Amino acid sequence: MKSKKWFLLMALTLVLSMFLAACGGDKKEEDKPAAEPDKDEGKTEKPAEEAGEPDAEQVLYLEESAAIPSVDSAIVEDQVGFNVLNNINEGLYRLNQDNIAEPAMAAEEAEVSEDGLTYTFKLRDAKWSDDTPVTADDFVYAWQRAIDPATGSPYGPFMMSGVVKNATEISEEKMEVSELGVKAVDEKTFEVSLERPVPYFLSLMSFGTFYPLKEEFVTSKGDAYATNSEGLLSNGPFVLTDWDGTGDSWTYKKNEHYWDAETVKLGEIHVNVVKDPATGVKLYQDGKLDWTRVSGDLAMQYRDDPEAVIQPETSVFYFKFNQEKGGEKTPLANVNIRKAIAKSFEKEDMVDVVIANGSLAANYLVPTEFAFDENEKDFRDLSGNHLEYNVEEAQEHWKKGLEELGVDSLKLEILGGDTELSKKMDEYFKSQLEGNLEGLTISLKEVPFAVRLELDTNQDYDIQVSGWGPDFQDPISFLDLFVTDGTNNLMSYSNPEYDKLIEDSKGDLALEPEARYEAFAKAEKILLEEDAAIAPIYQRSLVILQKPYYKGLVSHPFGADYSYKWAYISGK
């Protein structure tokens, strides 16, 4: 796992030497809390150390969980779209086989000014799939388009505001798009001006929103741009074909104009949407798929299969405790009530028996094997565990909380998903909480993901099973969620000391990595140990079935899920 350790180390070192992550394509709060795995146990992929050479027809058959909503880099906000973008396009940097951000469209490492506010990228001699050159103007156009309020980009303002100079003002329509801090110095030199030093800036450069766009092509297509295969232009390893914009299948074909085409071994990848895991397993067994996800009871059934791979993820799930509903304080505004609930359910049994796919019990918010300091130390080793299962302590907090509220019992509702696994998890929580906290009655509200998002937005819930997957590799991707009035807070949590620590990490401590990590550790302790604003549950993993001849698949802990650039078939 040296790859993940060195990624952050490299990012911080580059900033300091004046020369420097991205959702889970946004995996944010996905309703998949039941069929996804861990980081260290079981069989994991070793994409950089595959054996054998390509020795068969290089055609691969894969499945996706949903159709492609969009392949417009300014509009994409889902995991399927980001996966497609990552394989047909490329930004200044790309996550490599070891998940280190390395120059891609950039010919070399960025030159960074002494104050950390200006990045200069020299572009390599790369081409679009129409055999025209990729230029600095392509990046200027793409970034300006993504921040332009008229475009309606979900990620442009989210990624650029407070980072790229003037992005916030432009997104708020207080400045013109042309005033964004980006400039084409010449055809092959792209310059970016930042609002503040950003230690993780180069990890952002591998994220889909920051990919280039050829203005002439986009404008010539008009409303048809990125609506089907003919409406796309690629500068990445593959081109997208056989996609009509609505169908449940598409094909990747090797892009012969890609600057590193020699590395790409696969000639074609045929993808079909498979929404039912059981169907995917059947197609896999029939030889019609080379790779498929396994979830629910199937994950338990196939976990020990010789062709099963447990793929670690960096998504962490937790209880959100809503402290205010309808303008009134809820019982969960009481810190002892929150601590009682947070410590009263057995996480190890839940991940081993209920989820049973290699997921990890989590006593933290920032995931393990994700962020590392300049000494290669996992942030988890620095911050430690919080809110561990302890029935005796939970009952002491519960008694105090009830006394402070002047009641002897409480009725609370858990808001969760409507999948079979989500329902099993909710039943487990209900049994644990009611069994360990006398006087507590739990009701369950299990709804589709879209409904849960609406209830979350309106703060119409008591306890919610929620989760987050990072968009880039830095603890702040998680810790920034819970600042006062944050757009993802939505539970009326507020702690001025916590807010200051997060703000300092973006300002005075931005170029002091050791002090910055210490601030993060202190902030996580406040959020969890002191305030129990949320209650961590588990860090997710995924069980997949993969044919032994399918080699070189690279999975990423943040941003897009997979890269097929290095994949190949050997020994089929």
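The values are calculated or read from the model by the stated rules, or taken from the named source; none is laboratory data. Since the model is a prediction, treat every value here as computed from it, not as a measurement. Here the Cβ positions follow ideal geometry from the backbone for every residue, glycine too, while neighbour counts run over all protein chains shown.
As an exercise: evaluate Thr209 against (1) modelled with pLDDT under 95; (2) under 30 Å from Asp125 (Cβ atoms) and give the number of the one condition it does not meet.
Only one criterion is unmet by Thr209, namely (1).
Go over the candidates Lys522, Lys572 one by one and state the one that is at pLDDT 90 or above, outside any strand (DSSP E or B), among the basic types (Lys, Arg) and more than 19 Å from the chain's Cα centre (by Cα).
Every option except Lys522 fails the conditions.
Based on this model, can you work out whether Leu95 counts as hydrophobic (A, V, I, L, M, F, W, C), surrounded by fewer than 17 Cβ atoms within 10 Å (Cβ to Cβ) and within 25 Å of Ser477 (Cα to Cα)? Explain how you work it out, then say what you get.
Numbers: hydrophobic (A, V, I, L, M, F, W, C): yes; surrounded by fewer than 17 Cβ atoms within 10 Å (Cβ to Cβ): no; within 25 Å of Ser477 (Cα to Cα): yes.
Spelling it out, it is not the case that Leu95 is hydrophobic (A, V, I, L, M, F, W, C), surrounded by fewer than 17 Cβ atoms within 10 Å (Cβ to Cβ) and within 25 Å of Ser477 (Cα to Cα).
Across the range 545-562, what is the total count of residues that are out of contact with any helix residue (DSSP H, G or I) (no Cβ under 6 Å at 6 or more places or on another chain), buried (at least 21 other Cβ atoms within 10 Å of the Cβ) and among the small types (Gly, Ala, Ser)?
Of the residues in the range 545-562, 1 are out of contact with any helix residue (DSSP H, G or I) (no Cβ under 6 Å at 6 or more places or on another chain), buried (at least 21 other Cβ atoms within 10 Å of the Cβ) and among the small types (Gly, Ala, Ser).
Say we look at the range 385-432 and pick out the residues that are of a type in the set (A, V, I, L, M) and outside any helix (DSSP H, G or I); which of these is nearest to Ala533 (Cα to Cα)?
Kept after step one, since they are of a type in the set (A, V, I, L, M), are these residues of the range 385-432: 387, 391, 394, 402, 405, 407, 410, 412, 414-415, 421, 425.
With the extra rule that they be outside any helix (DSSP H, G or I), the set shrinks to 387, 407, 410, 412, 414-415.
Details: Leu387: 11, Val407: 22, Leu410: 19, Leu412: 16, Ile414: 15, Leu415: 16 Å.
Among residues in the range 385-432 that are of a type in the set (A, V, I, L, M) and outside any helix (DSSP H, G or I), the one nearest to Ala533 (Cα to Cα) is Leu387.
Sort out which residues of the range 282-305 are more than 27 Å from Pro470 (Cα to Cα) and modelled with pLDDT of 95 or more, and write them in order of number.
Result: Lys282, Leu283, Tyr284, Gln285, Asp286, Gly287, Lys288, Leu289, Asp290.
Please go through the range 441-453 and pick out each residue that is surrounded by fewer than 21 Cβ atoms within 10 Å (Cβ to Cβ) and outside any loop (DSSP other than H, G, I, E, B). Even if it seems obvious, please write down each step before you answer.
First pass over the range 441-453, keeping only residues surrounded by fewer than 21 Cβ atoms within 10 Å (Cβ to Cβ): 441, 443-451, 453.
Within the range 441-453, Thr441, Ser443, Leu444, Lys445, Glu446, Phe449, Ala450, Val451, Leu453 meet the criteria.
Applying the selection to the range 255-288, what residues are of a type in the set (Val, Ile, Thr), under 19 Å from Ile569 (Cβ atoms) and in a strand (DSSP E or B)?
At the first step, the residues of the range 255-288 found to be of a type in the set (Val, Ile, Thr) are 263-264, 269, 271, 273-274, 279, 281.
Subset that is under 19 Å from Ile569 (Cβ atoms): 263-264, 269, 271.
Those that are of a type in the set (Val, Ile, Thr), under 19 Å from Ile569 (Cβ atoms) and in a strand (DSSP E or B): Ile269, Val271.
Which residues, taken from the range 144-166, are under 18 Å from Arg196 (Cα atoms), among the polar types (S, T, N, Q) and modelled with pLDDT under 95?
Ser161, the sole residue that qualifies.
Does Lys122 satisfy the condition of being at pLDDT 95 or above, assigned to a loop (DSSP other than H, G, I, E, B) and of a type in the set (Lys, Arg)?
On the way: at pLDDT 95 or above: yes; assigned to a loop (DSSP other than H, G, I, E, B): no; of a type in the set (Lys, Arg): yes.
Against the criterion (at pLDDT 95 or above, assigned to a loop (DSSP other than H, G, I, E, B) and of a type in the set (Lys, Arg)), Lys122 does not qualify.
Among the numbered criteria (1) surrounded by fewer than 16 Cβ atoms within 10 Å (Cβ to Cβ); (2) in contact with a helix residue (DSSP H, G or I) (Cβ under 7 Å, 6 or more places away or on another chain); (3) not in a loop (DSSP other than H, G, I, E, B), which single criterion is violated by Leu382?
(1)
Results for (1) acidic (Asp, Glu); (2) closer than 23 Å to Asn87 by Cβ; (3) buried (at least 24 other Cβ atoms within 10 Å of the Cβ), shown as yes or no for each residue.
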position: Asp186; (1), (2), (3): yes, no, no
position: Ser193; (1), (2), (3): no, no, no
position: Val198; (1), (2), (3): no, no, yes
position: Ser203; (1), (2), (3): no, yes, yes
position: Ser206; (1), (2), (3): no, yes, yes
position: Pro212; (1), (2), (3): no, yes, yes
position: Glu216; (1), (2), (3): yes, no, no
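For the range 525-547, name all the residues that are under 23 Å from the mean Cα position of the chain (by Cα) and among the β-branched types (Val, Ile, Thr). Steps first, please.
So the first thing to find is which residues in the range 525-547 are under 23 Å from the mean Cα position of the chain (by Cα), and the list is 525, 527-528, 533-546.
Ile534, Ile537, Val543, Ile544, listed by residue number.
Quick check, is Ile414 under 27 Å from the mean Cα position of the chain (by Cα) and of a type in the set (A, V, I, L, M)? Can you show your working first?
On the way: under 27 Å from the mean Cα position of the chain (by Cα): yes; of a type in the set (A, V, I, L, M): yes.
Yes; evaluated as a whole, the condition is true for this residue.
Out of everything in the range 223-249 that is out of contact with any Leu (no Cβ under 6 Å at 6 or more places or on another chain) and under 22 Å from Gly552 (Cβ atoms), what residue ends up being surrounded by the fewest Cβ atoms within 10 Å (Cβ to Cβ)?
Here the residue is Thr241.
Quick one: which of Leu528, Leu509, Leu542 is assigned to a loop (DSSP other than H, G, I, E, B), hydrophobic (A, V, I, L, M, F, W, C) and crowded, with 16+ Cβ neighbours inside 10 Å?
Working: Leu528 fails: assigned to a loop (DSSP other than H, G, I, E, B); Leu542 fails: assigned to a loop (DSSP other than H, G, I, E, B).
Answer to the check: Leu509.
Scan the range 250-262 for residues that are surrounded by fewer than 19 Cβ atoms within 10 Å (Cβ to Cβ) and closer than 15 Å to Asn86 by Cβ and jot them down.
Correct list: Asp260 only.
Among the acidic types (Asp, Glu), in a loop (DSSP other than H, G, I, E, B) and closer than 29 Å to Leu95 by Cα: is that true of Asp504 in this structure? Spell out the reasoning first.
Numbers: among the acidic types (Asp, Glu): yes; in a loop (DSSP other than H, G, I, E, B): no; closer than 29 Å to Leu95 by Cα: yes.
When the stated conditions are applied, Asp504 does not pass them.
Can you name every residue in the range 485-502 that is modelled with pLDDT of 90 or more and within 22 Å of the chain's Cα centre (by Cα)?
Of all residues in the range 485-502, those modelled with pLDDT of 90 or more come to 489-502.
Listed by number, the residues that qualify are Asn489, Leu490, Met491, Ile502.
Within the range 361-373, is even one residue in a helix (DSSP H, G or I) and surrounded by 21 or more Cβ atoms within 10 Å (Cβ to Cβ)?
Let us first name the residues in the range 361-373 that are in a helix (DSSP H, G or I), namely none.
Checking the range 361-373: not a single residue is in a helix (DSSP H, G or I) and surrounded by 21 or more Cβ atoms within 10 Å (Cβ to Cβ).
Scan Ser153, Ser129, Ser161 and give me the residue that is of a type in the set (Gly, Ala, Ser) and touching a strand residue (DSSP E or B) at 6+ places or on another chain (Cβ under 7 Å). Can you show your working first?
Details: Ser153 fails: touching a strand residue (DSSP E or B) at 6+ places or on another chain (Cβ under 7 Å); Ser161 fails: touching a strand residue (DSSP E or B) at 6+ places or on another chain (Cβ under 7 Å).
After ruling out the rest, the residue left standing is Ser129.
Being in a loop (DSSP other than H, G, I, E, B) and either touching a Phe, Trp or Tyr at 6+ places or on another chain (Cβ under 7 Å) or surrounded by 15 or more Cβ atoms within 10 Å (Cβ to Cβ) (or both) narrows it down to one residue among Asp471, Asp456; which is it?
Only one candidate qualifies: Asp471.
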